[in-house]
Amino acid sequence: MSASILTVDDSASIRLTTRVALSNAGYTITEAVDGMDGIEKLNAGQFDLIVTDLNMPKMDGLTMIRELRKMPAHMGVPVIFLTTESDNDLKQQAKAAGATGWLTKPFDPESLVKIVRKVLGK
């Protein structure tokens, strides 16, 4: 059975690139357009991993992680940030909120797949 991944990004082109890279690697992808949508999708299903942007309308990635870490069903789900931000302070905040990894945009789809495989141990 393939791992189920939730991708959260307000950019349609990033969602497409992410979906193509990860589905070609054999993962099942569900997409959300912002943190609020991400939380709704999390409430509706179980995911093995979340790949999220940081800066989004309605709810940003950090807020979404903090919310999801309060949900018993999703406390242990690994989260990878996929963002244009590379600020160390933001990385520390993300880590403190429960982020597992960080990949800076623009990104190489192969790098994303490698990180996902490493995080999932598959």
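The values are calculated or read from the model by the stated rules, or taken from the named source; none is laboratory data. Bear in mind the structure is a predicted one, so any value in this text is a computation, not a measurement. Backbone-built Cβ (ideal geometry, glycine too); neighbour counts: all protein chains shown. The protein model used for the area step is the full one, side chains on, heavy atoms only, and it has no ligands, DNA or RNA in it. Shrake-Rupley method; radii C 1.70, N 1.55, O 1.52, S 1.80 Å.
Could you please tell me the mean projected area of the C-alpha convex hull for segment 1-47, averaged over all directions and given in square nanometres to one decimal? Mind dumping the intermediate values first?
Numbers: hull surface 11.9 nm².
The directionally averaged projection comes out at 3.0 nm².
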Computed P(r) (all Cα pairs; the chain; 5 Å bins; percent): 2, 12, 25, 27, 22, 10, 1, 0
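Please give me the summed charge of the neighbours of Glu85: other residues whose Cβ is under 12 Å from its Cβ, Lys and Arg +1, Asp and Glu -1. If you can, show how the numbers build up before the last one.
Values: positive: Lys91, Lys105; negative: Asp53, Asp60, Asp87, Asp89.
Counting the neighbours of Glu85, the net charge comes to -2.
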Heavy-atom SASA rank of Val116, Val20 (probe 1.4 Å, accessible area, largest first): Val20, Val116
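Below 14 angstrom from the Cβ of Leu68, what's the summed charge of the other residues (Lys, Arg +1; Asp, Glu -1)?
Details: positive: Lys41, Arg66, Arg69, Lys70; negative: Asp34, Asp37, Glu40, Asp48, Asp60, Glu67.
It works out to a net charge of -2.
Normalised by the residues of the chain, what does the relative contact order come to in percent, with Cα pairs under 8 Å and at least six apart?
Working: 199 pairs, mean separation 28.8, N = 122.
Averaging sequence separation for qualifying contacts and normalising by length gives 24 percent for the chain.
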R0 of 30 Å, Cβ-Cβ distance Asn88-Val20: FRET efficiency to nearest 0.05: 0.50
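Rounded, prolate or oblate: which fits segment 27-76, taking a ≥ b ≥ c as square roots of the Cα gyration tensor eigenvalues, rounded meaning a/c under 1.5, else prolate when a/b beats b/c? Please report the intermediate quantities before stating the final value.
Values: a/c = 1.67, a/b = 1.18, b/c = 1.42.
In terms of gyration-tensor shape, oblate.
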Surface accessible to a 1.4 Å probe, per residue, for the residues of the chain, Å²: 50 Å²
Packing-based order for 56-66, 94-104, using average beta carbon neighbours within 10 Å, highest first: 56-66, 94-104
The chain, helix-only ellipticity at 222 nm - DSSP H runs n ≥ 4, -39,500 (n - 2.57), divided by all residues, nearest 500: -13000 deg cm²/dmol
Accessible area of segment 18-122 belonging to carbon and sulfur atoms, whole % at 1.4 Å probe: 51 percent
Residues in segment 23-41 that a label on Lys70 would reach, taking backbone N under 14 Å of a point 7 Å out along Cα→Cβ: 36, 39-40
